[in-house]
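*Asks:* This is the structure I want to talk about, given as structure tokens.
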Amino acid sequence: MEQLPPRADFDNVVALTGAGISVAAGLGTFRGPDGLWTIAPDVERAMHAEYVPGNIDLMWQVWGGMHEQAQEAGPTPAHRALAVVQAQVITQNVDGLHHTAGSHDTIEIHGSAGRARCLLCPWNGPAVEAARASGDPRPRCPRCGELVRPSVVLFGESLDEAALAAAQHAAVSADLFLAVGTSGRVAPASWLAPMARAAGATVINIDPVPGDPGPAFHHQVTGDAQQVLAEWAG
């Protein structure tokens, strides 16, 4: 199968997206020979909860830099296409590009690099708001003045229960479930495609490299997601 089925055949499209959808915006993936962990292994300290708060500066360098780069580049044709067809987006990405493209109800299961949360009090808000409240180069909480960190889920931390529940609800409500820029093989994303299929959805993987996407998927569309989704959205 080399094309997506007609959009008009479905009432509820859900798209699970990963790092691959943002590569066209200049953002790299993490894994693989060209991944960030391979090229600059020291940045992995920005991804582990055990190093907080000692890695706050590195977290802002890595995650804040990623968000800034993403916003400068803007959403890709694939991001915009999913917004045009009003797909419910579940993303593993933290770059905010789906929201910028117009998918305002995006479920961000790994959090957002565009948001910050306080190390002391419950405040959680836009990172730019924290930056304005700071009297030094490191963002501080506008409520209590404590340091804040990017509101992303680090290794060693649990996913937000509300976001995970929303993702699961979306998966079982879909009649078309797309995996874009992700293999869907890493938990918890790996649970979502099987859940969608078990609930009756058509489940399709979009990947530039042909292969076996796994038993959860009915089909694989081989091609560049930027072109595939843009053409599909019309």
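*Asks:* Looking at Leu147, Leu120, Leu97, Leu82 in this structure, which one is touching an Asp or Glu at 6+ places or on another chain (Cβ under 6 Å) and either over 29 Å from Arg7 (Cα atoms) or modelled with pLDDT of 90 or more (or both)?
*Replies:* One residue alone meets the criteria, Leu120.
*Asks:* A further question on this structure: Among the residues of segment 126-147, is any of a type in the set (Val, Ile, Thr) and in a loop (DSSP other than H, G, I, E, B)?
*Replies:* no
*Asks:* Another question, then. Could you tell me which residue of segment 165-184 is farthest from Val13 (Cα to Cα), considering only residues that are touching a Pro at 6+ places or on another chain (Cβ under 8 Å) and not in a loop (DSSP other than H, G, I, E, B)? Before you say what the answer is, go through the steps one by one.
*Replies:* Of segment 165-184, the ones touching a Pro at 6+ places or on another chain (Cβ under 8 Å) are 167, 176, 179, 183-184.
Then keep just the ones that are not in a loop (DSSP other than H, G, I, E, B); that gives 167, 176, 179.
Details: Ala167: 13, Leu176: 5, Ala179: 11 Å.
Filtering first and then ranking leaves Ala167.
*Asks:* Further question on the same structure: Pull up segment 185-228, narrow it to residues that are part of a helix (DSSP H, G or I) and touching a strand residue (DSSP E or B) at 6+ places or on another chain (Cβ under 7 Å), then point me to the one that is nearest to Val172 (Cα to Cα).
*Replies:* Out of the qualifying residues, it is Ala196.
*Asks:* Take the residues in segment 56-110 that are hydroxyl-bearing (Ser, Thr, Tyr) and outside any loop (DSSP other than H, G, I, E, B), then tell me which one is farthest from the chain's Cα centre (by Cα).
*Replies:* Thr100
*Asks:* Being under 14 Å from Gln92 (Cβ atoms), modelled with pLDDT under 85 and either in a helix (DSSP H, G or I) or of a type in the set (Ser, Thr, Tyr) (or both) narrows it down to one residue among Thr29, Thr38; which is it?
*Replies:* That would be Thr29, the only listed residue that is under 14 Å from Gln92 (Cβ atoms), modelled with pLDDT under 85 and either in a helix (DSSP H, G or I) or of a type in the set (Ser, Thr, Tyr) (or both).
*Asks:* Out of the residues in segment 115-154 meeting the condition of being of a type in the set (Asp, Glu) and over 26 Å from the mean Cα position of the chain (by Cα), tell me which one is surrounded by the most Cβ atoms within 10 Å (Cβ to Cβ). Talk me through it step by step, then tell me what you get.
*Replies:* First, the residues of segment 115-154 that are of a type in the set (Asp, Glu): 129, 136, 146.
Now drop any that are not over 26 Å from the mean Cα position of the chain (by Cα), which leaves 136, 146.
On the way: Asp136: 7, Glu146: 13.
In this case the residue turns out to be Glu146.
*Asks:* Are any of the residues in segment 164-173 closer than 24 Å to Ala233 by Cβ, surrounded by fewer than 23 Cβ atoms within 10 Å (Cβ to Cβ) and at pLDDT below 95?
*Replies:* Among the residues of segment 164-173, not one is closer than 24 Å to Ala233 by Cβ, surrounded by fewer than 23 Cβ atoms within 10 Å (Cβ to Cβ) and at pLDDT below 95, which makes the answer no.
*Asks:* I need the full set of residues from segment 88-100 which are more than 29 Å from Ser134 (Cα to Cα) and of a type outside the set (S, T, N, Q), in order please.
*Replies:* The answer is Val89, Ile90.
The values are calculated or read from the model by the stated rules, or taken from the named source; none is laboratory data. Small disclaimer: the values here were computed from a predicted structure and weren't measured. All Cβ positions, glycine included, derive from the backbone under ideal geometry; neighbour counts span all protein chains shown.
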